[in-house]
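Structure record follows, encoded as structure tokens.
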Amino acid sequence: DNVFVCWNSNPGEVINGSIEANFNRVKDWIQLVHINQLHRREYPWAELFTLLKTSGYDGCCLAEIPGSSDPECVMSYYRALWETLCG
């Protein structure tokens, strides 16, 4: 009960453009998700959010976002991208 997986959204999780194989290995133990740089297309963000949704994930996502002189603007853009990816 005290052990769980934090999905960390690392490039090493991607195999041939997909995270599905690695995700499926640990999906039953994921209780936290760390996301970053949603604008980077090297990571399959849409696939991650689809897999989280279909697996029944109901936890939270921690976003690592660089500082900004206009954080409200950055957060509004981040939210728009988040909502697009979550479909």
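The values are calculated or read from the model by the stated rules, or taken from the named source; none is laboratory data. Not measured: the values here are computed from a predicted model. So basically every Cβ, Gly included, is an ideal-geometry build from the backbone, and we count neighbours across all protein chains shown. Each accessible area value is taken on the protein alone, full model and side chains, heavy atoms only, with ligands, DNA and RNA left out. Shrake-Rupley method; radii C 1.70, N 1.55, O 1.52, S 1.80 Å.
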Helix 45-55 vs. the chain, principal-axis angle (Cα, 0 to 90°, nearest 10): 50 degrees
At q = 0.11, 0.23 Å⁻¹, base-10 log of I(q)/I(0) for the chain (Debye sum, equal scatterers on each alpha carbon): -0.31, -1.23
Gain upon complete extension [TYR77, PHE4; 0.36 nm per residue less C-alpha separation]: 23.2 nm
Accessible surface, the chain, averaged per residue in Å² (probe 1.4 Å): 70 Å²
Cα long-axis angle, helix 71-86 against the chain (0 to 90 degrees, to the nearest 10): 40 degrees
Rough spin-label spacing in nm, given labels placed 7 Å along Cα→Cβ, for ASN36 and LEU62: 1.1 nm
